[in-house]
Every structure is written in structure tokens, then in C-alpha cells.
Amino acid sequence: MSKDSDSLSKQGKTINQWIMAILVNTTLLTYGLQAGWISPMTKVLQSETSSVVDQPITDANLTWIASIIPITAVFGVSLYTYLADKFGRRMCVLAVAVPQALCWIIKLVTTSILGLLIARIFAGIAAGGCFCVTPMYVKEISQDNIRGLLVSLMGLNQNLGFLFIYAMGAFLDYYTVLWIVVWLPLVLIVLLIKVPESPAYLVKLGKYEAAASTIAMLRGWKSDDKEVVHEIECLKNEDIYFKSLPDISFVSILKNKAWRKGLLIIMMVITCQAFNGSFAIVTYASTILMTSGVTISPEVQTISIPAVMIFGSAISIVCVERMGRKVMLSSAFGITVVSFLCLASIILVQHQGGSVPGWLPVIAIIAAVWAYAAGVAPIPYVIMAEMFNFQIRAKVLGCLVTYAWFISFVQLFTFTPISNALGAHTMFYCFAGTNLLGVFIALVFLPETKGKTIDEITLILAR
């Protein structure tokens, strides 16, 4: 065998890593289906002539049904973070798929307000889990050269979920959609039985032989190959180092100037991101398009939203290492400012009896969700991972993700009542102001983390 071919063989194969990553990221696909479900189904649930519900669901009740996912996700983050360390990553992914399946099953059984709320609570708890457990599992099974690519499947699967539910909602009836989507988490539960535990967790339990076998299977190597032995040694050393670290409390984090400043900056960024307005668009897409004067089947027009988000996710993957974090985030916030100012003005003009071209609000909405998928949504999480060191990263990220879910709940919960009372244009002017604040924070306070080590970033924050 030649030297080149031997080197190539030692790189192993990535097919098993791709299969496992795609499989567990199905939880994000289901999340996208469940989060976007309200948009195409609002017309059915509030129809006077619908055979699905006994009586139309009011705006107040629909607000609760829509916004219950992010508020219950707040509790899901803490629950699944604990379960992941207690019972393992694989079992935790399985524990995400179970409530996702229950959500669809309950909706098949009942359309009562209480039943829909319970179904959405299950979806919300699972949502909190899939955003912390799925990337954790994927990161721990992946080799370095494809880790970023496999983790990025999260955003792609979420947006595919939005696309599929919008498309099905536009052309299929209420129960046909449910019968199609209910099988996704059920099949996943069966397939997850064969998914291996992450090597890092097996090393943490002292199961070194099982960890070596798993790495060998994932990489296409033999268990006794020197590459497998090297990875196991690295995982052992990392585990020993982690266990040797002193327990860091939030009080200790706040006493450290660099950590305190970094936490404050990221909390401001997360506030602008979570109250950005795009989550409301994704949830209430059909209603917003009708409000903004779109007359050509708003249900069909909404399909363009997740399609553009998928494209935005791809742009983010390609550009994040080229353009830098500050440029991408501030640009994305800036595009959203212009889009929402345009959309708010369109709705205001129509409210006062004027008219505008039907394509203009669609373009404004598409630009906003593209900017959200390309920069506003992913970049803050990239910065969070780079800004805080290994010692405090898990604690800080758990806190920030929980906070982001809460702010998302506030956004969804206030959208309908304020829009009904003061007009939808009021909410979009508020969203534009929030994004303008995001531009200011990104340009003035946020340090550029691209290509910098933790020590370099810490020195910048300590100034």
C-alpha cells in the first residue's frame, strides 16, 4: 500500500457520523414542524364553518396556544441539561422524541383548547431539550474536520420543518397533516434504540472499551488503532481536567470583570435577538401576510419564508468565518430594521385607507427572515461559545438559552393583543427599534471574536 493511500485510510470514514447526526437532528425537524404549525392552522382553528373545532378559538386563547412553547422550553432547558449528565446523551435525545410524539397524538385525539395547550406544552418541553442536547450529542460524536458542518444541521432541519408544515398546511386538510407528521418522532424513537452513546459520556462513566468501540464504529477504524487510542486518551485527560476544576458560582462570574462584562453584552444581544420579531413572523405568518394586504393565498405565500430561511442558514455557514461576527450580526440587524420599518409603514398606510403593491410586504418579510436565519439567530450562539472559557461555558450558556426562550415567549404573548389594540404596525415599529438597538450594541460594545483565543477575548473584555 502506498503512503498516500495509507494516510487516507487512517482518516477513516464519516458516513456513520453523518447518519447519527442526521438521525438525532430529526428532533429539530420536528421542532420546526411544531413551532410553525400555528401559522397554517390558524385559519382552520378560528373558522366559523370549520368541522375541526366545535367553536372558533378566540385570539386570546390562540395567543396562549402559540406562545406556550417558548415559556415551557424555559423549563425544558434545565430539565434536559440535568438528564443529559445523569442518564446520557442518547437517552436524553430519546426523551426529547417522546413528548414530541405525544404532542401530535394529543392533537389527533382532541381539538379542545385544553388539549391543544397540553399538546403544545409537551412540544415546548421537548424544544428546550433539543436545542441543548442535540448539538451536545453531535459535537461529541464528530471528528474535528466535520464537527461544525454536522452541528449546523440544526438550523437547516428547523427551517426544513417550517417549510414542510407550511407546504402541507397550504394543500392538505387538518387531520391529514397530523397523520403524516406523527410518524416522524415515532419512527425516530425506534431508530434511537440502535444509536450509540457519545464516547465522551462513556469515558465519563469509566467505560473505556465501550467508548473505543463507539469511536471505531463512527470513524471506520478498528478498536485497537492508534488513532482510537489517542482519542480515548484525549477524552480521559479532558474528563480529568474538568473534574479538577473548582465549582464556579454565578457570584464568582459576576465578580470577575471580564466575565461580567461579557455576560452583560451577550444578554443585551440575546434580548435584541429574541425580541427581534422574526419568531412572531414564523408563528403568525399567514395572519401577518393577510394583515399586510397580501391577497394571493397567504398560506401559499408563507412557503417562501422557510425557503428563504434555509438559504440564509447556508449563507451563515459559508460567511461566518470570512466576514467576522460583528459585521454579520450588525448587518443582519440593519437589514431587519429596514424591512420592519417598511412593513410597519405598509400596514399603517393600508390602515388609513391607502394602497401599496402586493409584492412589497412579501419582500419586506422575506428580507427580515433571511437576515434572521443568516445572522441574527446563529451568530450570538457562535459568539457565546467563543467568548466564555470551558470553566464557565456550560453554566453561562444554559442561563442565556433559558433567558432567550423567556424573551421569545414575551414576544409571542404580546404580539396579538398589542396588534389588536394598537395595530400590527405598532409591533413592527417596536421590532424595528429593537433591531436598531442590536446594530448599536454589535458595533459599539461587542468584541470581534473571530480568530481570537479565549485569553485574547478575555483581555479585551477586561479593559
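The values are calculated or read from the model by the stated rules, or taken from the named source; none is laboratory data. Treat the numbers as computed from the prediction; the structure is a model and nothing was measured. All Cβ positions, even for glycine, are placed from backbone atoms using ideal geometry, and neighbour counts span all protein chains on display. The protein model used for the area step is the full one, side chains on, heavy atoms only, and it has no ligands, DNA or RNA in it. Shrake-Rupley method; radii C 1.70, N 1.55, O 1.52, S 1.80 Å.
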**Residue, surrounded by the most Cβ atoms within 10 Å (Cβ to Cβ), within the stretch 62-73, restricted to residues that are over 23 Å from M309 (Cα atoms) and at pLDDT below 90** = L62
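Find the residue count for the stretch 22-41, including only residues that are in a helix (DSSP H, G or I), among the polar types (S, T, N, Q) and either free of Cβ contacts under 8 Å to residues at least 40 places away in the same chain or open to solvent by less than 10 Å² (accessible area, probe 1.4 Å) (or both). Break it down stepwise before answering.
Kept after step one, since they are in a helix (DSSP H, G or I), are these residues of the stretch 22-41: 22-24, 26-36, 38-41.
Cutting the leftovers down to among the polar types (S, T, N, Q) gives us 26-27, 30, 34, 39.
Pick out the ones that are also either free of Cβ contacts under 8 Å to residues at least 40 places away in the same chain or open to solvent by less than 10 Å² (accessible area, probe 1.4 Å) (or both) and you get 27, 30, 34, 39.
Result for the stretch 22-41: 4.
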**Prompt:** With respect to the numbered conditions (1) at pLDDT below 95; (2) more than 19 Å from the chain's Cα centre (by Cα); (3) open to solvent by 10 Å² or more (accessible area, probe 1.4 Å), which one is the sole condition not fulfilled by I118?
**Reply:** (1)
**Request:** Could you grab me the full set of residues in the stretch 339-369 that are under 24 Å from the mean Cα position of the chain (by Cα) and in contact (Cβ under 8 Å) with a residue 24 or more places away in the chain?
**Result:** S339, F340, V362, A364, I365, I366, A367, A368, V369
**Request:** Return a yes/no flag: does the stretch 360-377 have any residue that is touching a Pro at 6+ places or on another chain (Cβ under 7 Å) and modelled with pLDDT of 80 or more.
**Result:** no
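When you scan the stretch 121-143, how many residues do you find that are hydrophobic (A, V, I, L, M, F, W, C) and open to solvent by 10 Å² or more (accessible area, probe 1.4 Å)?
Step one: of the stretch 121-143, the residues hydrophobic (A, V, I, L, M, F, W, C) are 121-123, 125-127, 130-133, 136, 138, 141.
When the remaining residues are screened for being open to solvent by 10 Å² or more (accessible area, probe 1.4 Å), the result is 121-122, 125, 131-132, 136.
Residues in the stretch 121-143 being hydrophobic (A, V, I, L, M, F, W, C) and open to solvent by 10 Å² or more (accessible area, probe 1.4 Å): 6 in total.
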**Asked** Within the set of pairs 6 or more residues apart or between chains, which connect a residue that is more than 11 Å from G262 (Cβ to Cβ) inside the stretch 448-463 to a residue that is part of a loop (DSSP other than H, G, I, E, B) and open to solvent by less than 80 Å² (accessible area, probe 1.4 Å) with Cβ atoms less than 6 Å apart?
**Response** E448/G324; K450/G324
**Item:** Residue count for the stretch 297-314, restricted to those that are at pLDDT 80 or above and open to solvent by 50 Å² or more (accessible area, probe 1.4 Å)
**Value:** 1
**Request:** Have a look at E140, E48 and point out the one that is farther than 25 Å from Y175 by Cβ, touching a Pro at 6+ places or on another chain (Cβ under 9 Å) and not aromatic (F, W, Y).
**Result:** E140
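Can you tell me which residues in the stretch 62-89 are of a type in the set (A, V, I, L, M) and farther than 12 Å from I125 by Cα?
Just the residues of the stretch 62-89 that are of a type in the set (A, V, I, L, M), to begin with: 62, 65-66, 68-69, 71, 73-74, 77, 79, 83-84.
Residues satisfying the conditions are L62, I65, A66, L83, A84.
I need a count of the residues in the stretch 218-227 that are surrounded by 19 or more Cβ atoms within 10 Å (Cβ to Cβ) and either touching a strand residue (DSSP E or B) at 6+ places or on another chain (Cβ under 6 Å) or within 14 Å of P196 (Cβ to Cβ) (or both).
The initial filter retains those residues of the stretch 218-227 that are surrounded by 19 or more Cβ atoms within 10 Å (Cβ to Cβ), namely 218-219, 221.
Those left that are additionally either touching a strand residue (DSSP E or B) at 6+ places or on another chain (Cβ under 6 Å) or within 14 Å of P196 (Cβ to Cβ) (or both): 218-219.
Total satisfying the criteria: 2.
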**Request:** Within the stretch 164-202, count every residue that is among the hydrophobic types (A, V, I, L, M, F, W, C) and either farther than 25 Å from T283 by Cβ or open to solvent by 40 Å² or more (accessible area, probe 1.4 Å) (or both).
**Result:** 17
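Out of all the residues in the stretch 92-114, which are open to solvent by 10 Å² or more (accessible area, probe 1.4 Å) and either in contact with an Asp or Glu (Cβ under 7 Å, 6 or more places away or on another chain) or assigned to a helix (DSSP H, G or I) (or both)? Show your work before the answer.
Looking only at the stretch 92-114, we keep the residues that are open to solvent by 10 Å² or more (accessible area, probe 1.4 Å), and these are 94-95, 98-99, 102, 105-106, 108-114.
The answer is L94, A95, V98, P99, L102, I105, I106, L108, V109, I113, L114.
So which helices (runs of 4 or more DSSP H) stay within the stretch 200-294 end to end and still have 3 or more residues that are under 30 Å from Y166 (Cα atoms)?
It comes to 257-274, 278-283, 285-291.
State yes or no: is G161 open to solvent by less than 10 Å² (accessible area, probe 1.4 Å), under 30 Å from A373 (Cβ atoms) and of a type outside the set (A, V, I, L, M)? Steps first, answer last, please.
Values: open to solvent by less than 10 Å² (accessible area, probe 1.4 Å): yes; under 30 Å from A373 (Cβ atoms): yes; of a type outside the set (A, V, I, L, M): yes.
Yes.
Evaluate the stretch 273-288: report whether one residue or more is in contact with a Pro (Cβ under 7 Å, 6 or more places away or on another chain), of a type in the set (S, T, N, Q), in contact (Cβ under 8 Å) with a residue 24 or more places away in the chain and open to solvent by 10 Å² or more (accessible area, probe 1.4 Å). Full working, then the answer.
Step one: filter the stretch 273-288 for residues in contact with a Pro (Cβ under 7 Å, 6 or more places away or on another chain), giving 273, 286.
Now restrict to residues that are of a type in the set (S, T, N, Q): 273, 286.
After this cut, where a residue has to be in contact (Cβ under 8 Å) with a residue 24 or more places away in the chain as well, the list is 273, 286.
Checking which are open to solvent by 10 Å² or more (accessible area, probe 1.4 Å) leaves us with 273.
Yes, the stretch 273-288 contains at least one residue that is in contact with a Pro (Cβ under 7 Å, 6 or more places away or on another chain), of a type in the set (S, T, N, Q), in contact (Cβ under 8 Å) with a residue 24 or more places away in the chain and open to solvent by 10 Å² or more (accessible area, probe 1.4 Å).
Is it true that some residue in the stretch 45-55 is assigned to a helix (DSSP H, G or I), open to solvent by less than 40 Å² (accessible area, probe 1.4 Å) and not small (G, A, S)?
First, the residues of the stretch 45-55 that are assigned to a helix (DSSP H, G or I): 45.
Checking the rest, the ones that are also open to solvent by less than 40 Å² (accessible area, probe 1.4 Å) come to 45.
Imposing the further condition that a residue be not small (G, A, S) reduces the set to 45.
Yes, the conditions are met somewhere in the stretch 45-55.
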